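Here the structure comes first, spelled out in structure tokens, and everything after it is commentary.
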Amino acid sequence: MTEGTEHPMQIERVELHYVDMPLAHPFETSFGREVTRPCVLVAVHSGGLIGWGECAVGSGPWFSSETIETAWHVLREFLIPAVLGQDIASPADVVARFHRVRGHPIARAGLENAVWALMAQAQGVSLARLLDGERDRVPVGVSVGIEPALDALLDRVAQHVDEGYGRVKLKIKPGWDVGVVRAVRERWPDLPLQVDANCAYTPADAPILRELDAFDLLLIEQPFHHEDLVDHAWLQPQLRTPLCLDESIRSPEHARWALEIGACRVINVKVGRVGGLTAAQEIHDLCAGRGVPVWCGGMLETNVGRATNVALATLPNFTLPGDISASARYYREDIAEPNFVLNPGSALSVPDGPGLGVRVIPERLAAVRLRHQAWNS
Ligand code: SMG
Ligand code: MG
């Protein structure tokens with residue numbers, strides 16, 4: 001959104017909900033196995049409307065340094081006081097009020113995105129529309145975790161291909177890489193395929209990463225350390241396959257630095273990791289201007305976070321399929337409705353009603369909630 005709303009909205013109440021939901025299928029990456037998925041949901045109230053946002057923190061500081069407790073602390077002590085009782089004219093206004101806070105992008109994103117959802121609702125437009133998105137369907141794929149054995153992995157991929165997913169991402173780590181990719185490629189020679197290492201390799205592993213070049217992958221995601229742009233810039237020219245950065249891109253500045261030094265040719269945009277929808281839009285625009293494709297990453301979100309991701313992925317330079325699978329891939333029962341379902345063509349429909357397009361069901365939220373706190377102005 002470029003202009004503010006006509007009428008500033010006063011933030012009357014903010015609520016935090018710490019929830020933990022059992023995953024439909026455990027999800028294993030190079031940094032560990034997740035069986036349930038905790039997160040913090042943020043609700044902002046104004047004029048009888050509620051906007052929802054999701055802080056995509058996980059079970060510990062594995063993907064990012066943030067946790068449930070760091071997000072809760074920073075929200076309670078610094079972020080909520082910066083907006084509570086204030087007249088907010090636009091999401092950019094929220095970003096400006098958070099300016100002094102260093103780091104903690106996932107905590108910032110939860111509250112900022114809740115304000116985006118609130119404002120979309122107040123203006124009677126979908127979040128996608130408020131973001132200047134252009135699509136009514138977004139192309140998606142599925143991310144397949146590490147399995148105990150190759151057979152189990154092949155069964156999972158077969159199941160998702162049968163469900164209609166047109167792009168598969170495989171999680172890799174040392175010892176679970178070339179052999180696995182070769183087996184999947186042999187069975188599905190034409191399947192759009194990509195891999196994600198979640199920082200599990202070092203430059204000494206470059207020969208393995210060069211071997212992956214043979215399998216016609218869409219991209220290789222985040223092979224090296226999360227703070228390391230330099231070694232990615234060293235590796236990229238040795239590969240035909242584009243490198244894509246995820247963990248390394250924690251702000252629009254990181255995106256610009258990475259592109260300046262040639263550390264990647266594709267960027268995975270996650271609203272949490274980059275600090276909210278405003279920063280995500282900025283990275284989108286920066287990459288569009290340089291002809292660098294982006295795609296929307298996923299953090300096993302509830303339908304609240306998924307609806308935010310779907311809205312973001314309607315921006316025109318989100319040209320690669322997102323890690324935004326159908327709701328059923330994640331949870332047997334979500335805290336919000338309606339569920340997202342996979343359409344033919346491996347796409348999700350973009351909600352077109354006002355706001356986020358999903359409704360939190362209070363009883364379901366209460367059933368998986370471990371902590372709740374509210375602040376009134
Ligand atoms: O939401 O479908 C999803 C998961 C996508 O693989 C996925 N995310 O590094 O890109 C990534 C991982 C992080 C997951 S942390 C549990
Ligand atoms: Mg990743």
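The values are calculated or read from the model by the stated rules, or taken from the named source; none is laboratory data. These numbers were taken from a predicted model, which means no experiment stands behind them. Quick reminder, even Gly has a Cβ in these numbers, built from the backbone with ideal geometry, and neighbours come from all protein chains shown. Heavy atoms of the whole protein, side chains included, go into the accessibility calculation; ligands, DNA and RNA do not. Shrake-Rupley method; radii C 1.70, N 1.55, O 1.52, S 1.80 Å.
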Close pairs (7 angstrom Cβ cut-off, 6 or more residues apart or separate chains): under 16 Å from Gln159 (Cα atoms) in region 317-331, of a type in the set (D, E, K, R) and open to solvent by less than 30 Å² (accessible area, probe 1.4 Å) anywhere:
Ser327/Arg306; Ser327/Asp334
State whether the residues of region 176-190 include one that is basic (Lys, Arg) and within 16 Å of ligand 2 (Cβ to nearest atom).
no
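Among Ala206, Ala197, which is open to solvent by less than 50 Å² (accessible area, probe 1.4 Å), touching a Lys or Arg at 6+ places or on another chain (Cβ under 7 Å) and among the aliphatic types (A, V, I, L, M)?
On inspection, the qualifying residue turns out to be Ala197.
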Filter result for the condition that a residue is over 27 Å from Leu245 (Cβ atoms) and more than 16 Å from ligand 1 (Cβ to nearest atom), over Glu134, Glu186
Glu186
Residues of region 230-281 that turn out to be under 19 Å from Ile208 (Cα atoms) and part of a loop (DSSP other than H, G, I, E, B), as a count
6
For Val138, state whether it is surrounded by 23 or more Cβ atoms within 10 Å (Cβ to Cβ) and within 16 Å of ligand 2 (Cβ to nearest atom).
no
Does any residue of region 51-59 turn out to be without any contact (Cβ under 8 Å) to a residue 60 or more places away in the chain, under 30 Å from Lys173 (Cα atoms) and open to solvent by 20 Å² or more (accessible area, probe 1.4 Å)?
yes
Among the residues of region 262-294, which ones are farther than 29 Å from Ala114 by Cβ, crowded, with 18+ Cβ neighbours inside 10 Å and of a type in the set (Gly, Ala, Ser)?
Ala263
Total residues in region 294-349, condition more than 10 Å from the chain's Cα centre (by Cα), in a strand (DSSP E or B) and under 23 Å from Asp196 (Cβ atoms):
4
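Here is a yes/no grid of residues against (1) buried (at least 24 other Cβ atoms within 10 Å of the Cβ); (2) within 13 Å of ligand 1 (Cβ to nearest atom); (3) not basic (Lys, Arg):
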site	(1), (2), (3)
Thr302	yes, yes, yes
Gly305	yes, yes, yes
Asn309	yes, yes, yes
Ile324	yes, yes, yes
Leu342	no, yes, yes
Val350	no, no, yes
Across region 218-240, what is the total count of residues that are within 23 Å of the chain's Cα centre (by Cα) and open to solvent by 10 Å² or more (accessible area, probe 1.4 Å)?
6
Pair list, Cβ under 8 Å, 6 or more apart: region 202-215 residue over 13 Å from Trp234 (Cα atoms), other residue in a helix (DSSP H, G or I)
Ile208/Val178; Glu211/Val178; Leu212/Val178; Leu212/Val181; Phe215/Val181; Phe215/Arg182; Phe215/Arg185
List the residue pairs whose Cβ atoms are under 6 Å apart, where the first residue sits in region 61-82 and is in contact (Cβ under 8 Å) with a residue 40 or more places away in the chain, the second is assigned to a helix (DSSP H, G or I) and among the hydrophobic types (A, V, I, L, M, F, W, C), and the two are 6 or more positions apart or on different chains.
Glu66/Ile106; Leu75/Ala107
